[in-house]
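A short worksheet on the structure shown next.
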Amino acid sequence: QVQFVESGGGLVQPGGSLRLSCAVSGIIFNTYAMDWYRQAPGKQREWVARITASGRTTYADSVKGRFTISRDNAKNTVALQMNSLKPEDTGIYYCRRFPAVSNYWGQGTQVTVSS
């Protein structure tokens, strides 16, 4: 059974950095692309970044140049390095495999950007 466990969130000032991590189990990790999503208070969940099985990356325009997605196939983890954080980056961050085959989401990790 697939499981995603996100961690690394917290409270950070504008301009600061955080590194999120997602531990994945229950799938053959190195054969799947992985996504990061986020959900701000009162808003719909939005896609943030993707890394393919071969390591190619794509980003939402809102985070391009500030966020970096990476993966460690030996540890079955995917990370999101977030720099130059802005208040509008506040939300719960989730990882998920692509393509998803169910409506399952992990518990997410809260990121709050505030002075």
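The values are calculated or read from the model by the stated rules, or taken from the named source; none is laboratory data. Since the model is a prediction, treat every value here as computed from it, not as a measurement. In this analysis, Cβ positions are derived from the backbone assuming ideal geometry, glycine residues included, and neighbour counts consider all displayed protein chains. Accessible surface is based on the protein model in full, side chains and every heavy atom, while ligands, DNA and RNA are left aside. Shrake-Rupley method; radii C 1.70, N 1.55, O 1.52, S 1.80 Å.
Of the residues making up the stretch 1-16, those that are open to solvent by 60 Å² or more (accessible area, probe 1.4 Å) and either assigned to a strand (DSSP E or B) or modelled with pLDDT of 95 or more (or both) are Q3, V5, L11, Q13, P14.
Per the listing R19, R38, the residue uniquely out of contact with any Ser or Thr (no Cβ under 8 Å at 6 or more places or on another chain), touching a residue at least 60 places away in the same chain (Cβ under 8 Å), over 18 Å from F98 (Cβ atoms) and part of a strand (DSSP E or B) is R19.
Contact map, the stretch 99-111: first residue small (G, A, S), second residue part of a loop (DSSP other than H, G, I, E, B) and surrounded by 13 or more Cβ atoms within 10 Å (Cβ to Cβ), Cβ cut-off under 9 Å, separation 6 or more or different chains; pairs are S102/V2; G108/G9.
Any residue at all in the stretch 51-66 that is touching a Lys or Arg at 6+ places or on another chain (Cβ under 7 Å), free of Cβ contacts under 8 Å to residues at least 12 places away in the same chain and hydroxyl-bearing (S, T, Y)? So far as the stretch 51-66 goes, yes, one or more of its residues are touching a Lys or Arg at 6+ places or on another chain (Cβ under 7 Å), free of Cβ contacts under 8 Å to residues at least 12 places away in the same chain and hydroxyl-bearing (S, T, Y). Every residue in the stretch 41-67 that is open to solvent by 60 Å² or more (accessible area, probe 1.4 Å), among the basic types (K, R) and farther than 22 Å from V101 by Cα, please. Passing the criteria: K43, K64. The residues of the stretch 22-35 that are without any contact (Cβ under 8 Å) to a residue 40 or more places away in the chain and open to solvent by 60 Å² or more (accessible area, probe 1.4 Å), listed by number, are I28, T31.
Counting the residues of the stretch 67-115 that are of a type in the set (A, V, I, L, M, F, W, C) and either touching a Lys or Arg at 6+ places or on another chain (Cβ under 9 Å) or over 28 Å from I27 (Cβ atoms) (or both) gives 11.
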